Amino acid sequence: MATSTLEEQKTGIIDQYLGDANRPIAWKNEEEKKLLFWYDDPHNPQPVSPMYYDLGCWWSTCAYMYRRFGAPFGKDWVAKNVDEYILTAIVPRDAKDAADIAPYYSMVMPVYADKFLGWWKTRLLPEIIRNFEYLDTFDTENAELAEVMILLEDMIDIQERHFRLHWILNLAQFQASITFNGDVAKYLGKGHDELIGRILVSDEDRNWDSIRELWNMKESIKASPVLTAVFKLPTETVLSELAKSAEGQELVKKIDAYKFEYGNKAMYTHEFVHETWRENPTPVVFALKGYVDTDYNYPEAVERLRTDRKNAIDELWSMFPKDGSDEDRQALAKSLELALKMTPLTPDHHFYMDQGTYARTHLVLMAIGRKLAKAGVLNRADDVMYLVYDELRKLSANFSLFDAKALVQERRAKREAAFAHPARLWCGTIDHWSLYEEPYKALWGWPDVYLKTAERADLSNAKLAGLGVSSGIAEGVAHVVRTPAEFDQVKKGEILVCQMTNPAWVVLFTKIAGVVTDSGGALSHPAVVAREFHIPAVVGTIDATSKIKTGQRIRIDGQTGMVNIIG
């Protein structure tokens, strides 16, 4: 890591990596080299598939986001495939342009924060639901290949539209959160991040809806000796055993309804290669087994969250200066109310956009893949994920245009080989703006990811340093989870260690004692959910999954961010 004075940092390069003999990096031009590309592990912790990189690209609508809002802290968000891993970079605005547009951003953002919730409920969410109804009722199996290819074009349009709405939601919520955080600092002083984290938790959203429905099924299982006995069997045999009784058949109907409502998600949301719960309900069965084994109490969990949030709000007001003006109190109360109203939008936008939209793109691509596999063009349906968009269109109209099977085999092998080496954490150029001023990278744990590199290197193999995002200390057996097949192996009271979580992982949070992740920042998914479930969490350790082994005893401190391997 390069070292420099603050003045030098403000005017020049802090650090630079453009590749070397062992890891050459292809650059489009000199301008691209000036950007800071960082590892997009919260979205894509694994090597990326060709189709997702070409078609999925959540970053593809970011230019729209910066343009629509007039955000002064960038003008685009671009991606780079480095050794099959996705690294992304924010393109800065010209300094004068940023200064000129900033007043517009400041003018409109409070309106978005104030009005968005109404827009969401009355106009935007109904639009998303209508799109899902169209996609979910399309008979892909009986349609001709040409019809499904046109459906893919519709799906691409829907995906782009939904992610434009994603950014409108994201920025509106971002502004509400910034305003509240700023008011807390203004009226109560700095250093209240933990308190704010306890306040800004949601207790009523689509994530909790899915948990409640699982709990309802768990209660019916618990009340039935027949069903209880079935759920003591191995996960892979449960569904077949349920089919043997009337009670079991009724539960299967509920599971089927659940998977269509809540199963539009996969282990890793931002990817097309992974099977969804809707296609394979095994994770639903696993979740139910976990709920039965632990007798998970949904009402108690929600009430605990609400009580702690109320206590945190009371604590907030107890710190308000006794001589503070009514005007200041009203300002803080207003920003608190708005931030609380916007909080459910975090899990809800994951449900509808990141999960629900990408899952349906996956389903459309799989429908095409099945037709191509049936025609002998591909070996199996998910081979379609190893083509890119234009290749797929050309191949669908001319099966003999190129050897798709050979191309897929080559690309599968390349992606599989990439799992053997870790992603580069960053490349390009780090300057003062990209490290300290651009705000979005905080979600990825920057600038700590960079600044603590040397500190982490000095730690012994028995210690890891990350970001403490949910307070408390947990000590227990570590369980490293890399695939959905391992969910079933996690035992109550263990500490989950993984690269990153998304809403598909919430089923584990009902039984674990703590969580440690390689990536993430204070507002990442594992951080938010850990606070909701009141368990300690350390994120952004970079290498927890490589240093920690399943079965080792570890101690994690959700305040300091330290992880100790103790046995």
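For the stretch 379-401, taking the residues that are aliphatic (A, V, I, L, M) and assigned to a helix (DSSP H, G or I), the one that is nearest to CYS57 (Cα to Cα) is identified as MET385. Within the stretch 341-368, being under 26 Å from the mean Cα position of the chain (by Cα) and farther than 30 Å from ARG198 by Cβ holds for THR357, TYR358, ALA359, ARG360, THR361, HIS362, LEU363, VAL364, LEU365, MET366, ALA367.
Any residue at all in the stretch 164-186 that is over 21 Å from MET109 (Cα atoms), touching a Leu at 6+ places or on another chain (Cβ under 8 Å), surrounded by 13 or more Cβ atoms within 10 Å (Cβ to Cβ) and hydrophobic (A, V, I, L, M, F, W, C)? Scanning the stretch 164-186, I find no residue that is over 21 Å from MET109 (Cα atoms), touching a Leu at 6+ places or on another chain (Cβ under 8 Å), surrounded by 13 or more Cβ atoms within 10 Å (Cβ to Cβ) and hydrophobic (A, V, I, L, M, F, W, C), so the answer is no. Do you know which residues across the stretch 353-393 are at pLDDT below 95 and in contact with a Gly (Cβ under 7 Å, 6 or more places away or on another chain)? Listed by number, the list is empty, since nothing qualifies.
For the stretch 452-567, the strands (runs of 3 or more DSSP E) that sit wholly inside it and include 2 or more residues that are under 21 Å from the mean Cα position of the chain (by Cα) and in contact (Cβ under 8 Å) with a residue 24 or more places away in the chain are 467-470, 473-480, 495-498, 514-517, 537-539. Applying a threshold of 7 Å to beta carbon distances and a minimum spacing of six or more residues, or different chains, the list of pairs starting in the stretch 128-148 at a residue that is free of Cβ contacts under 8 Å to residues at least 60 places away in the same chain and ending at one that is surrounded by 15 or more Cβ atoms within 10 Å (Cβ to Cβ) reads ASN131/ILE158; PHE138/LEU151.
For the stretch 108-138, the set of residues classified as surrounded by fewer than 15 Cβ atoms within 10 Å (Cβ to Cβ), under 30 Å from ARG370 (Cβ atoms) and either touching a helix residue (DSSP H, G or I) at 6+ places or on another chain (Cβ under 9 Å) or of a type in the set (Ser, Thr, Tyr) (or both) consists of GLU127, ILE129, TYR134, ASP136, THR137, listed by residue number. Screening the candidates ALA257, ALA243, ALA301 for the property of being surrounded by 15 or more Cβ atoms within 10 Å (Cβ to Cβ) and farther than 16 Å from PRO503 by Cα yields one hit, ALA301. Against the list (1) assigned to a helix (DSSP H, G or I); (2) surrounded by fewer than 22 Cβ atoms within 10 Å (Cβ to Cβ); (3) out of contact with any Lys or Arg (no Cβ under 6 Å at 6 or more places or on another chain), the condition GLY197 fails is (3). Number of residues in the stretch 227-240 that are β-branched (Val, Ile, Thr) and surrounded by fewer than 15 Cβ atoms within 10 Å (Cβ to Cβ) equals 2.
Looking across the stretch 175-213 at every residue that is in contact with an Asp or Glu (Cβ under 7 Å, 6 or more places away or on another chain) and among the aliphatic types (A, V, I, L, M), the one that is nearest to SER318 (Cα to Cα) is identified as LEU195. If a residue has to be surrounded by fewer than 23 Cβ atoms within 10 Å (Cβ to Cβ) and touching a helix residue (DSSP H, G or I) at 6+ places or on another chain (Cβ under 6 Å) to count, how many in the stretch 337-348 make the cut? Within the stretch 337-348, residues that are surrounded by fewer than 23 Cβ atoms within 10 Å (Cβ to Cβ) and touching a helix residue (DSSP H, G or I) at 6+ places or on another chain (Cβ under 6 Å) number 4.
The values are calculated or read from the model by the stated rules, or taken from the named source; none is laboratory data. Only a predicted model underlies this, so the values are computations on that prediction, with no experimental measurement involved. Cβ sites come from the backbone with ideal geometry, for glycine too, and all protein chains shown count toward neighbours.
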